[in-house]
Amino acid sequence: MKALCISVVAVLISIFSFAQVGLSTPVLWGKDAKTMKLNATGEAQLYFPFYLMPDTSKRMFVMIQPAIKWSAYYFKHPLIAVCKEGKTSFVMDEDPTHIYTNKWLNNSNSMKLTHLYMPVNLLIGFKNTPSLFVAPGLFAEYMTGGKFKRVYNDGTNHTIKNHYRDEPGFYGFNRFNGGVCAFVAYKFIMVYGVHSLRPMFKNGQGPDVQKTVVGLLINIDWENQMLKPF
């Protein structure tokens, strides 16, 4: 409930501050992705864009967007994260001594991540179509926190949380990451993609899984915010 309230507040701030809202879907892939099958994923971002103009023709702009990003991954099966000897693995919650065994709720076992996110894009405009931009770029991000969460039903819902900061190795996550990003924007619609070059977990300390994100952004106030190339 707390995470939902934070996400709602972030979206409202984004709407009233920058009139931009969006939805993105992280996709997990790699050798161990099958062990982390997902029913649903999602991301929300609160960002603060500003621009530089390195090209005197006003055809190109540099767009820098420091942001706070929240991600949620809902597992298809009742997975739990187990950290032993500095290595994290995802296993089925089948411990017969567990009082909540077989009482897990669908879509209740999840992984939540919080990042500081910094993409830098080169916006390229088109003289014949001034409302159209393409923008290749690079990004860096740093994981600040998050938790594994599972909910069981024993008449009332019972929640168990494991915060990453409670584990000295941060559950083996690669807290620093980076990669390539790009988007295509036309008037109020932006389609974008982000591809991480490092896996989610450190080598030998977690599943071999990498992340790619695709998303759609709507800019409500695009006419006032739109750059004017040429």
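What follows is calculated from the coordinates using simple rules that are stated; it is not laboratory data. Because the structure is predicted, anything quoted here is derived from the model rather than measured. Reconstructed Cβ throughout: ideal geometry from the backbone, glycine too, with neighbour counts over all protein chains shown.
Here are a few things to note about the model shown:
- Put simply, the amide H of L38, placed in the peptide plane, has neighbours under 5 Å in K76, leaving out anything fewer than 5 places away on its chain.
- Gyration tensor verdict on region 131-183 (Cα atoms; rounded if a/c is under 1.5, prolate if a/b is larger than b/c, oblate otherwise): oblate
- Here Y51 and W29 are evaluated by their C-beta separation; at R0 = 35 Å the FRET efficiency comes out at 0.60.
- When each of the peptides 25-33, 123-131 is scored by the mean number of other C-beta atoms lying within 10 Å of its residues, the order from highest to lowest reads 25-33, 123-131.
- Projected label distance in nm at K87 and D208, using a 7 Å step from Cα toward the beta-carbon: 1.3
- Between L197 and S131, full extension at 0.36 nm per residue minus the direct alpha carbon distance yields a gain of 20.7 nm.
- Ranked by how many other beta carbons lie within 10 Å on average, peptides 47-53, 184-190 from highest: 184-190, 47-53
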